[in-house]
């Protein structure tokens, strides 16, 4: 085999003639393909995670709105109950005063 000046000038035929160079070539191709596949999978996983994140954020917003509505209803109910209690108490006081006279 003649001396080669640059790696870029090595042909696949010359690589195939040297077992070590061929093995190195195959290992390099496998590693590059694995890296490319992993990057693609990582991008796909990141997109899925982003979608799940947005879905969970929407779910949290909906739950907070529901919680706010329930709390507002509770406050209204509590105000109504207090008003009824005041009315009942004042009526009872008036009736008690009339009975004492």
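Given 37 °C and 0.692 mPa s, compute D for the chain with the Stokes-Einstein relation, Rh being the Kirkwood radius over Cα pairs; round to the nearest whole µm²/s. Value of D from the Cα-based Kirkwood radius: 149 µm²/s. When only alpha carbons are used to place a centre, the range 25-45 and the range 72-93 end up 70 Å from one another. GNM remark for the chain: springs join alpha carbons under 10 Å apart, and the peak mean-square fluctuation among 32, 70, 81 falls on 81.
Read-outs: derived from the displayed coordinates by stated rules, not from any lab. None of the values given here were measured: they were computed from a predicted structure.
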